[in-house]
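Asks: Mind having a look at this structure? Questions to follow.
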Amino acid sequence: MSNKHNPWYWIPVLNFASGLPYAIIISVSVIMYKNLGISNEDIGIYTSLLYLPWVIKPLWSPFIDLYSTKRKWFLAMQLLISIAFLVVGFTIPLNQFFMISLAVFWVAAFASASNDVASDGFYLLALKKEEQSFFLGIRSTFYRLSMLTGNGLIVIIGGYLEQEYGDKHKAWSYTMIIVGLIMTLLTIYNYFTTPRTEVASEKETTYSDSKKNFALVFASFFKKKQIGLVLSFILLFRLGESQLLKMLTPFLIDDINVGGLGITTQDVGVIYGTFGILALTIGGILGGIAISKDGLGKWMLPMILTMHLPIIGFILLAHFHPASIYYIYATVIAEQFGYGFGFAAFMMYLIYVAEGESKTSHYAIATGFMALGMMLPGMLSGYIQDYLGYGNFFIWVFLATIPGLILSRFLIYPKDFGKKID
């Protein structure tokens, strides 16, 4: 295998280029808008709408198969994302920056979701079966590293520039331009390192046949056993988490006199971008090991509880406002570890739901419903927090985890699903 086509040269960066835009659009945008004076209500509703492209990506993903190659798709989408972030940077100093930047983020979100579809498909085409299994962990590692870069390094840069210039608009304008330049460099690198593996023979299926087949595949998903219960569980499992994620950063940054903790943007970047990501990664690894050892049936309930119980820590922070930042570190580490550990069970269950002849398409549909379950409650989170205050809001978030927990007890699946066969 030539160095040019060696998977080690392109898989890490290709997956990094998938995760970084998601981190910026979904997470960093919340921090940026909070620092630029946008209300919690507006942050909750508008940044949650940015989930929509990931909700509906199964609807247009067949077109990525039908037109051109996946390599051309992800290169074009990465270039579009690069331009979008640069444009966001230049719009922040404007008076109407909020709505303009949201519109550009919206374009970047559609491009990012399309980039994910094309990159995943390219991975399956460019590698042999045994290579796919070997590089699965590498893909996950560099995707998480991109989240670390977004939620950690980029936020730290934004916080540093805030202090350096004393002008938050200028600071975040430069920060987003930096992000755009990073994505440009990633796109150029991927252009020169990714192999040209797709040929015309792979695209012999006609548009009408593909459209018909996709319709049948889509319809077959809704014929699965317990589909009503399954969809209810997928939509409600993250009911609490979806609201927590949107209001957690505002809670950390808001002044104490309005119920927040009053820590700096740089502190948020350090907490989530280093210790938080480390705890998340360890939790995810241990969750995968546990399921592979004993099966999903034994770990479903303990994992769900591990994922949701750390919310109690934020209830305590909101009511007691401890002076030491180490209490905040401990709570975030517990929450991120619990999320990584518990979310493994949820994702494994989605894999079970997608099992069958069309598992790739069905998995995309299932994750689309998962994204919908994140988007809709997140849109209302700012209004709920404003009405309840932070202390009562976190109590509500904790209570919102109960429906998913109850539904999980009625799901039917092989108890040894996911267990490694010796």
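Asks: Inside the stretch 298-333, can you point out the residues that are more than 30 Å from residue 418 (Cβ to Cβ) and of a type in the set (Gly, Ala, Ser)?
Replies: 318, 323, 324, 330
Asks: Can you find, within the stretch 148-165, the residue that is nearest to residue 275 (Cα to Cα) among those that are open to solvent by 70 Å² or more (accessible area, probe 1.4 Å) and over 21 Å from the mean Cα position of the chain (by Cα)?
Replies: Checking each candidate, the answer is 160.
Asks: Something else: Considering each of 344, 330, 334 in turn, give the residue that is open to solvent by 10 Å² or more (accessible area, probe 1.4 Å), within 22 Å of residue 281 (Cα to Cα), free of Cβ contacts under 8 Å to residues at least 24 places away in the same chain and part of a helix (DSSP H, G or I).
Replies: 330
Asks: Okay, moving on. Can you spot a residue in the stretch 7-30 that is modelled with pLDDT under 95, out of contact with any strand residue (DSSP E or B) (no Cβ under 8 Å at 6 or more places or on another chain), assigned to a loop (DSSP other than H, G, I, E, B) and under 20 Å from residue 254 (Cβ atoms)?
Replies: No: zero hits.
Asks: Here is a further query. Within the stretch 395-416, can you find the residues that are under 12 Å from residue 308 (Cβ atoms) and surrounded by 16 or more Cβ atoms within 10 Å (Cβ to Cβ)?
Replies: Correct list: 397, 398, 400, 401, 403, 404, 405, 408.
Asks: Within the bounds of the stretch 281-295, is there any residue that is over 30 Å from residue 224 (Cα atoms), modelled with pLDDT of 90 or more, open to solvent by 40 Å² or more (accessible area, probe 1.4 Å) and assigned to a helix (DSSP H, G or I)?
Replies: no
Asks: In the stretch 234-263, which residue that is among the polar types (S, T, N, Q) and touching a residue at least 12 places away in the same chain (Cβ under 8 Å) is nearest to residue 221 (Cα to Cα)?
Replies: 242
Asks: Something else about it: Looking at (1) at positive phi; (2) surrounded by 17 or more Cβ atoms within 10 Å (Cβ to Cβ), can you tell me which one residue 356 breaks?
Replies: With (1) at positive phi; (2) surrounded by 17 or more Cβ atoms within 10 Å (Cβ to Cβ) applied to residue 356, the lone miss is (2).
Asks: A follow-up question, please. Which pairs turn up if I take residues in the stretch 349-369 that are free of Cβ contacts under 8 Å to residues at least 40 places away in the same chain and closer than 24 Å to residue 304 by Cβ and look for partners that are open to solvent by less than 70 Å² (accessible area, probe 1.4 Å) and small (Gly, Ala, Ser) with beta carbon separation below 7 Å, at least 6 apart in sequence or on another chain?
Replies: 354/366; 363/354
Asks: Now for a separate question. If I ask for residues that are in contact with a helix residue (DSSP H, G or I) (Cβ under 6 Å, 6 or more places away or on another chain) and either free of Cβ contacts under 8 Å to residues at least 12 places away in the same chain or of a type in the set (A, V, I, L, M) (or both), which ones from the stretch 370-383 would you list?
Replies: Result: 370, 371, 372, 374, 375, 379.
Asks: Something else: Quick one: which helices (runs of 4 or more DSSP H) lie wholly within the stretch 214-273 and hold at least 1 residues that are in contact with a His (Cβ under 9 Å, 6 or more places away or on another chain) and open to solvent by less than 10 Å² (accessible area, probe 1.4 Å)?
Replies: It comes to 239-253.
Asks: Here's a follow-up. Give the stretch 40-91 a look and list any residue that's β-branched (Val, Ile, Thr), open to solvent by less than 50 Å² (accessible area, probe 1.4 Å) and more than 26 Å from residue 379 (Cα to Cα), or say none.
Replies: Within the stretch 40-91, 64, 69 meet the criteria.
Asks: For the stretch 92-119, which positions are open to solvent by less than 30 Å² (accessible area, probe 1.4 Å), of a type outside the set (S, T, N, Q) and under 16 Å from residue 180 (Cα atoms)?
Replies: Scanning the stretch 92-119 gives 92, 102, 104, 105, 108, 109, 111.
Asks: Just one of (1) in contact with a Phe, Trp or Tyr (Cβ under 9 Å, 6 or more places away or on another chain); (2) without any contact (Cβ under 8 Å) to a residue 12 or more places away in the chain trips up residue 289, so point out which.
Replies: Only one criterion is unmet by residue 289, namely (1).
Asks: Please go through the stretch 366-422 and give me each residue that is of a type in the set (Gly, Ala, Ser) and assigned to a helix (DSSP H, G or I), ordered by number.
Replies: 366, 368, 371, 373, 378, 381, 382, 389, 391, 404, 408
The values are calculated or read from the model by the stated rules, or taken from the named source; none is laboratory data. Note that the coordinates shown come from a computational prediction; the quantities given were computed from them, not determined experimentally. Virtual Cβ from ideal backbone geometry, glycine too; neighbours counted across all protein chains shown. Keep in mind that these areas ignore ligands, DNA and RNA; they rest on the heavy atoms of the full protein, side chains included. Shrake-Rupley method; radii C 1.70, N 1.55, O 1.52, S 1.80 Å.
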